[in-house]
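First up is the structure itself, then whatever we jot down about it.
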Amino acid sequence: MRRGDRAPGGRRRLAGLAVAVALALLGAGCTAAGPATPTVKTTETASAAARTAAAAPGTRITITPANGAVAADPSAGITVTAAGGTLTSVTVRTPAGTVPGRLSQNGRTWHTLWALAVAQTYTVTATAAAKDGRAVIATSAFRTLTPASTFSTEILEGYDQTYGVGMPIILYFSQPITDKAAVEHALQVATSVPVVGAWYWDEPCNMAVACAYFRPRDYWPAGTMVSFTGHLDGVQGAPGVYGDHTLTQTFRIGPSLIAVGNTQTHRTQIYYNGKLRYDWPISSGKPGDATPDGSYLTIEKANPVLMTGPGYSLEVPWSVRFTFSGDYYHDAYWSVGEQGFENVSHGCVNLSPADAQTYYNLAVPGDPITITGSPKGGTWDNGWTEWFLSWPQYLKGSATGQAVLAGPAGSTFVDPSTLPPDAATAPLQTSPSGNAF
């Protein structure tokens, strides 16, 4: 499991974490040239009335938080409004640089894109054009609160690593998250090609008290570059509990490698980039040790893996794991005679040495493996089981109830009902149907 970069002043909480590439979004502030006419400048004071700066008759600029605030709520961000005029420029500066924001279509309201950093000083300078053509300037300098409690977030993906087409973005949270929608809105996904997906909350989950997963509606298009930014610094994830860092990571999706194993026909098909490449005989779990049905993802691989059980301890070559409890696609040179005819394993999928080596050499974490025909159902969270859920089921796990449309410029939330089933964002292949738990 890996942790992305922190904002300046943050701490590294997991050794060996990959350095991530920051997600570029909108420019810092909204600017426009002011008129070459006399300028009236007003500076806010710390008094309650000083939230509003008045200059030209009928023109007022309001900046929130007010000048002099020493414990501003970072989750509220910065809001600048103009009454009796339109904003032409808003600039927000911190010791770390400028802060991006968005201007409303009518030019009267500006708001930061993300939460503010905790325990940070900010200086805001806003300019508005009055109706008589004069420029009005207002400023505010304040500091955000230092929270008594914080949550940290880690990302499983490693920097510049390659994953399979089924791989979800997996986030681990150190504290329970009650305002999941606020956290979800702080998560940005940028992709080299358009992708439709959604967030799903799992609490508790493996290795953490709370997890959030981003999964595409269908499998990722092969070759997609993915950049993630969690603008979590200043987000209030639970009452009085704030994020204190920005999390970033970049990784890639490799070729499509999909395995479908049938415990009744004793065969597995291997699809590579959407085409059937191999059709191999297998032996799966014997009665009492049946290989569980479900749409899984490869987790890790090793050659060999020491496998132990009642009456055996054996180093098994070419082993690719797909459940946390210990189910693998692996070399089983001892059962070649039964492969294609009978189920004799302790739950794993047995392959011939040559077939196991071929699959092992192709596999990366996140490659889909679907098991069908078994009398035993799969268990949620026994592996990366996000593909156990249909798309409608998966959407129910989002705190916003919305889908996410990601692309080169970042991601936006969209109403799932507005997405056509044959959208141009669909990947090169769809997932095989799996069992809903």
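The values are calculated or read from the model by the stated rules, or taken from the named source; none is laboratory data. These figures come from a predicted structure and were not determined experimentally. Note that each Cβ is placed from the backbone with ideal geometry, even for glycine, and that neighbours are counted across all protein chains shown. Just so you know, the surface numbers come from the protein's heavy atoms only, side chains and all, with ligands and any DNA or RNA stripped out. Shrake-Rupley method; radii C 1.70, N 1.55, O 1.52, S 1.80 Å.
Some observations on this one:
- Of all residues in the range 265-277, those that are on the phi > 0 side of the Ramachandran plot have Cβ atoms under 9 Å from Cβ atoms of residues that are among the polar types (S, T, N, Q) and open to solvent by less than 80 Å² (accessible area, probe 1.4 Å), 6 or more apart or on another chain, in H266/S283; H266/S284; H266/Q339; H266/N343; N273/S256; N273/Q429; G274/S256; G274/Q429.
- Restricting attention to the range 276-332, the residues being among the aromatic types (F, W, Y), part of a loop (DSSP other than H, G, I, E, B) and farther than 20 Å from T358 by Cβ number 1.
- The set of residues from the range 100-155 being under 25 Å from A186 (Cβ atoms), open to solvent by 30 Å² or more (accessible area, probe 1.4 Å) and of a type in the set (V, I, T) comprises T109, T121, T123, T146, T150.
- Odd one out for R93, checked against (1) in a loop (DSSP other than H, G, I, E, B); (2) at pLDDT 95 or above: (1)
- For the criterion of being touching a strand residue (DSSP E or B) at 6+ places or on another chain (Cβ under 6 Å), on the phi < 0 side of the Ramachandran plot and not in a loop (DSSP other than H, G, I, E, B), E338 fails.
- Residue in the range 113-133 that is without any contact (Cβ under 8 Å) to a residue 12 or more places away in the chain, farther than 30 Å from L297 by Cβ and more than 21 Å from the chain's Cα centre (by Cα) present: no
- Boolean, A354 is more than 30 Å from A238 (Cβ to Cβ) and buried (at least 21 other Cβ atoms within 10 Å of the Cβ): no
Per-residue answers, yes or no, for (1) of a type in the set (S, T, Y); (2) closer than 21 Å to W384 by Cβ; (3) touching a strand residue (DSSP E or B) at 6+ places or on another chain (Cβ under 8 Å):
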| position | (1), (2), (3) |
| --- | --- |
| Y312 | yes, no, no |
| F324 | no, yes, no |
| W334 | no, no, no |
| H346 | no, no, yes |
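- Residues satisfying the stated conditions in the range 380-403, i.e. open to solvent by less than 10 Å² (accessible area, probe 1.4 Å) and among the hydrophobic types (A, V, I, L, M, F, W, C): F388, A403
- Selection within the range 357-379: residues that are closer than 18 Å to N303 by Cα and either of a type in the set (A, V, I, L, M, F, W, C) or part of a helix (DSSP H, G or I) (or both). The member of this set that is most open to solvent (accessible area, probe 1.4 Å) is N361.
- Here the condition is being of a type outside the set (V, I, T), open to solvent by less than 20 Å² (accessible area, probe 1.4 Å) and at pLDDT below 95; of A50, A72, A55, it holds for A50 alone.
- Residue in the range 255-271 that is touching a Gly at 6+ places or on another chain (Cβ under 9 Å), open to solvent by 10 Å² or more (accessible area, probe 1.4 Å), within 21 Å of V189 (Cα to Cα) and modelled with pLDDT of 95 or more present: yes
- Flag for V183 being more than 30 Å from F322 (Cα to Cα), modelled with pLDDT of 95 or more, in contact with a strand residue (DSSP E or B) (Cβ under 6 Å, 6 or more places away or on another chain) and buried (at least 17 other Cβ atoms within 10 Å of the Cβ): no
- Every residue from the range 194-234 that is open to solvent by less than 10 Å² (accessible area, probe 1.4 Å), farther than 26 Å from F324 by Cα and either part of a loop (DSSP other than H, G, I, E, B) or in contact with an Asp or Glu (Cβ under 6 Å, 6 or more places away or on another chain) (or both): T224, L232, G234
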